[in-house]
Amino acid sequence: MSEQTTLPADNQRKVFIKTYGCQMNVYDSERMGEALAADGYQPTEVIEDADLILLNTCHIREKAAEKVYSALGRYRDLKAERLKQGRETMIGVAGCVAQAEGEEILRRAPDVDVVIGPQTYHRLPEALRKAKTGERVVDTEYAVEDKFDYLPKKERGVRPKNVSAFLTVQEGCDKFCTFCVVPYTRGSEISRSTKQIVDEARRLAENGVREITLLGQNVNAWHGESADGADWGLGDLVFHLAEIDGIERLRYTTSHPRDMDERLMQAHRDLPKLMPYLHLPVQAGSDKILKAMNRRHTAEEYLALIERIRAARPDIAMSGDFIVGFPGETEEDFQATLALVEKVRYAQAFSFKYSPRPGTPGAELGDQVPEAEKADRLQRLQAMLTRHQLEFAQSRVGLEMDILLEKPGRNSGQLIGRSPWLQSVVIDGGEAEIGDLVRVRITDAATNSLAGVRIA
Ligand code: SAM
Ligand code: SF4
């Protein structure tokens, strides 16, 4: 570090955190923010004020990783600009790009001071202290210790930013779908202990959180032990968490079809607190492609599973992920995806062009689909998915439902909440406050949001 520059006092340092990717990264960014706060860093939304810029990155598709490098290029100029004003800026890269690329980031981005993986971010303050001495730090080893034991715990009475919070229960994946980097960047599957999860859920409830979304790359593979030593799966955990006072709504994501078990379906049948919404990616509708992807189920098995889930909870809304243009996908295979979508009628979905990821088996396959073909299929798939999403939204008009109010709306007096099916609902707030569960009748629907009036 330059000797002419001044560093702010330890308790006046500011951190700007930029998060890419999935909800698990959102959760991790919050935990890193807390670890840094305990070390004297205040959060800032103004990047020019930041003494530390931290990127929490995603490696799932090539575009996501390239975004990180182009952001790092911009931050390089910013760092130089601040240096002219006598202010140091440290730059850290966390998350899955950090894990996958490690030293390569230091080579491609000479202004990066710290690279830290998803399993070691509890050591971030220590890495930053080292980096202050001028050493560039890469810490991407899978830690022996459990990071959650080393992260600060939220105190009672500290208001969380949101009435709805994420809670990571499971990380990593052993499924090795042939397109996916997760098993390499997040490591093999681990479940957090029941006690850690229940303690965290209680702390969230004590701090005003009313809805918890349990997170995991493969959340329904979670397994643990009850207090009396019984083997628990996610269904048992959900039954247990539903007993916590103050928690009114539970959700979980992302699930793998292979891990949807009877107990979890019972939870959907019996627990009003478990919201009627299930993100259950299928990726493709052709058995040939599903096999090549190593998804370990057929389209028919997936459809039969949904039938059972719908029998348990008839109003459940399905959500999914799709990849078009996996190597070897023909027009006929793609038509099978459209046919599956037509049968399921997803309330919401994410769809992507296949992006070959270095080190995954899919990237080694011949018969890669041309970009133009992928783009065309994606457009056709998305047209169908959007149509179904709108139809689902319109089917809510006239229904009465509970809305959990989460934030102010764009216009004065408006509040925005979530329907049980995860849709945004705009209402005139009146006396209601953020955090209230209010009864609403839906009056209008668009693809991405609903409008309603309070009826109680
Ligand atoms: N574990 C989840 C599952 O089994 O479906 C998904 C995890 S992944 C973070 C989220 C989504 O990204 C996947 O469901 C898939 O649709 C998409 N995805 C993953 N790898 C991809 C790739 N190489 N190209 C395009 N999309 C990809
Ligand atoms: Fe990736 Fe999900 Fe497959 Fe695991 S189950 S390899 S996270 S797509």
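Among the residues of region 25-46, the ones that are over 15 Å from VAL93 (Cβ atoms) and part of a helix (DSSP H, G or I) come to 8 in all.
Here the condition is being at pLDDT 90 or above, buried (at least 16 other Cβ atoms within 10 Å of the Cβ) and within 30 Å of ASP436 (Cα to Cα); of GLN170, GLN99, it holds for GLN170 alone. Among the residues of region 88-107, those that are in contact with a helix residue (DSSP H, G or I) (Cβ under 6 Å, 6 or more places away or on another chain) and not in a strand (DSSP E or B) comprise THR89, CYS96, VAL97, GLN99, ALA100. GLU332 meets all of the listed conditions (1) part of a helix (DSSP H, G or I); (2) more than 25 Å from the chain's Cα centre (by Cα); (3) surrounded by fewer than 20 Cβ atoms within 10 Å (Cβ to Cβ); (4) within 16 Å of ligand 1 (Cβ to nearest atom) but one, namely (4). Within region 395-409, can one find any residue that is in contact with an Asp or Glu (Cβ under 7 Å, 6 or more places away or on another chain) and charged (D, E, K, R)? Checked against the condition, which is being in contact with an Asp or Glu (Cβ under 7 Å, 6 or more places away or on another chain) and charged (D, E, K, R), region 395-409 yields no hits at all. Kindly indicate the residue of region 27-43 that is more than 17 Å from the chain's Cα centre (by Cα) and touching a residue at least 40 places away in the same chain (Cβ under 8 Å) and also surrounded by the most Cβ atoms within 10 Å (Cβ to Cβ) among those meeting that condition. Ranking the qualifying residues of region 27-43, first place goes to LEU36.
Each row is one residue, and each column tells you yes or no for (1) under 18 Å from ASP270 (Cβ atoms); (2) of a type in the set (D, E, K, R).
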{"site": "GLN196", "(1), (2)": "no, no"}
{"site": "ARG203", "(1), (2)": "no, yes"}
{"site": "GLY208", "(1), (2)": "no, no"}
{"site": "ASN220", "(1), (2)": "yes, no"}
{"site": "HIS223", "(1), (2)": "no, no"}
{"site": "SER226", "(1), (2)": "yes, no"}
{"site": "GLY229", "(1), (2)": "no, no"}
{"site": "PHE239", "(1), (2)": "yes, no"}
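Number of residues in region 49-65 that are hydrophobic (A, V, I, L, M, F, W, C), more than 9 Å from ligand 1 (Cβ to nearest atom) and in contact with a Cys (Cβ under 7 Å, 6 or more places away or on another chain) equals 1. Looking across region 173-232, the residues that are in a helix (DSSP H, G or I), surrounded by fewer than 20 Cβ atoms within 10 Å (Cβ to Cβ) and not hydroxyl-bearing (Ser, Thr, Tyr) come down to PRO183, LYS195, GLN196, VAL198, ASP199, GLU200, ARG202, ARG203, ALA205, GLU206. Contact map, region 269-286: first residue more than 17 Å from TYR252 (Cβ to Cβ), second residue buried (at least 23 other Cβ atoms within 10 Å of the Cβ) and of a type in the set (D, E, K, R), Cβ cut-off under 9 Å, separation 6 or more or different chains; pairs are VAL282/ARG295; GLN283/ARG295; ALA284/ARG295; ALA284/GLU329; SER286/GLU329. Scanning region 211-244 for residues that are of a type in the set (Gly, Ala, Ser) and either in contact (Cβ under 8 Å) with a residue 24 or more places away in the chain or in contact with a Phe, Trp or Tyr (Cβ under 8 Å, 6 or more places away or on another chain) (or both) yields GLY216, ALA221, GLY224, SER226, ALA227, GLY233, GLY235, ALA242. Here ILE247, ILE309, ILE289 are screened, and the one residue that is crowded, with 22+ Cβ neighbours inside 10 Å and touching a residue at least 12 places away in the same chain (Cβ under 8 Å) is ILE289.
Specify which of the listed residues (TYR184, TYR150) is hydroxyl-bearing (Ser, Thr, Tyr), within 16 Å of ligand 2 (Cβ to nearest atom), farther than 22 Å from HIS279 by Cβ and more than 17 Å from the chain's Cα centre (by Cα).
TYR184
When ILE434, ILE442 are checked against the criterion of being of a type in the set (A, V, I, L, M), touching a Lys or Arg at 6+ places or on another chain (Cβ under 7 Å), in a loop (DSSP other than H, G, I, E, B) and surrounded by 14 or more Cβ atoms within 10 Å (Cβ to Cβ), a single residue qualifies: ILE434. The residue that is surrounded by the most Cβ atoms within 10 Å (Cβ to Cβ), among those in region 295-306 that are in a loop (DSSP other than H, G, I, E, B) and touching a helix residue (DSSP H, G or I) at 6+ places or on another chain (Cβ under 6 Å), is HIS297. Scanning region 357-401 for residues being within 24 Å of the chain's Cα centre (by Cα) and either among the hydroxyl-bearing types (Ser, Thr, Tyr) or not in a helix (DSSP H, G or I) (or both) gives a total of 5. ASP236 falls short on exactly one of the conditions (1) crowded, with 20+ Cβ neighbours inside 10 Å; (2) of a type in the set (Asp, Glu); (3) within 16 Å of ligand 2 (Cβ to nearest atom), and that condition is (3).
The values are calculated or read from the model by the stated rules, or taken from the named source; none is laboratory data. Being a predicted model, the structure only gives us computed values, none of them experimental. Glycine gets a Cβ as well: all are built from the backbone with ideal geometry, and neighbour counts include every protein chain shown.
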